[in-house]
Every structure is written in C-alpha cells, then in structure tokens.
1. For segment 221-232, what are the residues that are in a loop (DSSP other than H, G, I, E, B) and either among the charged types (D, E, K, R) or over 14 Å from Gly325 (Cβ atoms) (or both)?
2. In contact with a strand residue (DSSP E or B) (Cβ under 9 Å, 6 or more places away or on another chain), among the small types (Gly, Ala, Ser) and over 23 Å from Val215 (Cβ atoms): which single residue out of Ala40, Ala53, Ala27, Ala22 fits that description?
3. Of all residues being of a type outside the set (A, V, I, L, M, F, W, C) and in a helix (DSSP H, G or I) in segment 90-104, which is surrounded by the fewest Cβ atoms within 10 Å (Cβ to Cβ)? Just the residue, please.
4. With respect to the numbered conditions (1) over 17 Å from Ala78 (Cα atoms); (2) in the same structural domain as Gly218 (by TED's automatic domain parsing), which one is the sole condition not fulfilled by Ala252?
5. Across segment 10-45, what is the total count of residues that are surrounded by 14 or more Cβ atoms within 10 Å (Cβ to Cβ) and either within 30 Å of Pro72 (Cα to Cα) or not acidic (Asp, Glu) (or both)?
6. For Asn48, work out the one condition from (1) within 26 Å of the chain's Cα centre (by Cα); (2) surrounded by fewer than 19 Cβ atoms within 10 Å (Cβ to Cβ) it doesn't fulfil.
7. Mind checking which residues of segment 327-376 are of a type in the set (A, V, I, L, M) and surrounded by fewer than 17 Cβ atoms within 10 Å (Cβ to Cβ)?
8. Consider Lys190 carefully, then state whether it is of a type in the set (Lys, Arg) and more than 18 Å from Ser302 (Cα to Cα).
Amino acid sequence: MITPVLPTYNRAPMAFVKGEGAWAITADGTRYLDLGAGIAVNALGHANPALIAALTEQAGKIWHVSNLYTIPEQEKLAEMLVDKTFADTVFFTNSGTEAAELAIKMARKYHYEKGAPRDEIIAFEGAFHGRSTGAIAAAGSEKMTKGFGPLMPGFRQLPWADHDAIRAAITDKTCAVIIEPVQGEGGIRKVPDQCLKGLRDLCDQHGALLIFDEVQCGMGRTGKLFAHEWAGITPDIMMVAKGIGGGFPLGAVLATEEAALGMVAGTHGSTYGGNPLACAVGAKVMEIIADDAFLGEVNRKSALFRQGLEALVASHPKLFEAVRGEGLILGLKCVATNTDIVKAGYAQHILTVPAADNVIRLLPPLNIPDADIAEALTRLDAAAQSLEA
C-alpha cells in the first residue's frame, strides 16, 4: 500500500524536530552533528538567530503579493547580488530546478532575438541540474531520465574533463555551455581554473553563452562568494539556490544585460518567486556571507577540516582514497561502499551525504565552530573504526 507521502525518497531512519547551529536534534533529544546542512542549504546552520529575526520581522509585515506588484525586499536583494557579482539583472525562483529552466529558456531566447536561433546546449557527464524535464535532459544520465521520455531535445553531454571533445563540440551553432564549477551530486569534482578559462574563451570565440550552475557550490561554499571567482572569469548566466535562502526556499538566475535581452514582459514568471519572506531572509544571508572577513573564515575552517580529513584518509586506507573539493564543499573518495560509511556515521550520530563516484559529501554550515570540526573528525574516525572492526 502506498504511503501518504509519495515514496520517491530512500529516507534514513531518523527524524529531526529541532536544530542548533551544526546540530540536528531528534524528538528524544539525540543530537546529530550535521555535515550535510540540508545538502548545502543551511549555510548558516540551523535556527540561526539573524535569519530568524529577519524572517519574523517580515512575517509580521506582509508574506505574499505576487509579481503583479513591486516587491521592495526583492529589489533590495537583487541590488545586493548585482553589486557583488558579474550580473546586471536577477530573476528570483523558489529552487535550483526552476533556475535551470529559466537559464535554458534565456539562452535559447537570446539567440532567437539575435536573429540566428540556436538550440544545442552542451552539458557534461556527471552533472546534476535538477529534476524537471528540462534539467534531466540537460544532465542526460539514465538514472534520472529512464521512463520519462520523450526528453526535451537539444542537449549534448560530453565526457568529464575531455578537452579535445569540448573543443570539437563547441561550434558557431552552439547555443550555450552549462557546467557546475564544482560538481556536487557528481562526486565533488572541481573543474580546474584553467579549464573554466578555456570554456570562457571557446564560448566567446563561437558566440555561445556560458552558464554556470552554482546552486550547490555557490554562496560562499568554496571560500569565494561564487566558485567561478577562483578562475578570474565570469559567466553570462548563473543559477543560484540552496545556500542563498539559508534554509528558506529561494533561488535565482543572474545574468548580464546582454544575455537577458530576450527576457521581456511575459516571457517568464513565477507566482511565489521572490516573495517578501524569501527575499528578506536572502538579503540577511547575503549581508553575512558576502563579507570578506566571513569568507576568510570559511577558508581557514576549510584548511583545518581538510588537514584532519587527510589524516583520516591516511589512517584508514582500506576505506578512504582521497579528499576532494574546495572550501567547505568537501568529499571523501571511498574505497569501501560510500553508503556503508554514511550508515556507520549514523551510529556515531554524524550526518553525511552520499554522491556519485563513490564519494561522501561533507557540506557543513559555513560558520561551523572549530570545536564541531574537531568533533566531526572524531566521529568520522569512530565510524571508520566500527567498519574495520
């Protein structure tokens, strides 16, 4: 008999009723150290006082009016994003999947308006851009697409890190290239800076748009506000979500004025996107995370955590192979089955997230205290020892 909640998730056998910082707490008071942060969503931890205050204040004013009217909170957050990024304009969504849909539409509409329509969008093996029909067509993996055909046409997937294939594939007929600077679901695989620079050059050479999916790796997660900043280049369009709302559903598409030229009144919309509640929280998240001192602390904590993880790998070579990632989007490449290690962590009251390529994702709050990093390393070591025993 089917459950009241559609059974599309393979859920772990625990439920949390409260959170404090990097800790998730069950009804009986058991505390779990949360290194998943809602899959990189709770960028400032559970029950962050500043976010509670921002949400509570806005909740006492107005919740929703729709985009039929001007929304001051939306304009404030858009201005903050424009001020801190390459973008000239922002459209707000409720999720990363919705951001992916708009990015696809925007890229194709751009070339249509230029008088030379192009539809082929190049994506990459191992990518994850959401679970809408357009997003799964972009990623192309059988795991996500099987049984959901016919798929949206116009996507071409290239092998990961095959530079010859990329150079051969991008032509004057290419609409856009979409890529995650750091793959999350794909196994915490970072695109080298020189490769992102090369993609930028190829797109410029052939008149294609460059789309960055920073839904998981953006919003301070790598130690820069956005991951592509490490490469010193910018996209034409960028998808953002997860951490931007600090736990409140919020996403966005950022774009240059040129890339957005086809998106005029009536070409796209959202009933809830950019509502006052979400944008009030998002503005507070931006205020905190975009601060240089805060990002400096992310990098310091990353170095501390990574050093401990390298020691963990060295201590358990039959379980772990390597540490991956940048900032606080880190991964443990496993020798043993990654889900076995995740489950062993549950017994030590620590939460991690499995990914492709037999990797465990470590995505703690960006403000995780040093003491909690030390505790995380202790619990990961205990989980490893339990498996070895």
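1. Within segment 221-232, the subset in a loop (DSSP other than H, G, I, E, B) is 221-226, 232.
Listed by number, the residues that qualify are Arg221, Lys224, Leu225, Phe226, Gly232.
2. After ruling out the rest, the residue left standing is Ala27.
3. Per the stated criteria, the residue is Thr97.
4. (1)
5. If we filter segment 10-45 for residues that are surrounded by 14 or more Cβ atoms within 10 Å (Cβ to Cβ), which is where we start, we get 16, 19, 21-26, 31-45.
Filter again for either within 30 Å of Pro72 (Cα to Cα) or not acidic (Asp, Glu) (or both), leaving 16, 19, 21-26, 31-33, 35-45.
Total satisfying the criteria: 22.
6. It is condition (2) that Asn48 fails.
7. Of everything in segment 327-376, those that are of a type in the set (A, V, I, L, M) and surrounded by fewer than 17 Cβ atoms within 10 Å (Cβ to Cβ) turn out to be Val335, Ala347, Ala371, Ala374.
8. Values: of a type in the set (Lys, Arg): yes; more than 18 Å from Ser302 (Cα to Cα): no.
In short, no.
The values are calculated or read from the model by the stated rules, or taken from the named source; none is laboratory data. Everything numeric here is computed off the predicted structure, so don't read it as measured data. Positions of Cβ are backbone-derived with ideal geometry, glycine not excepted, and every protein chain shown enters the neighbour counts.
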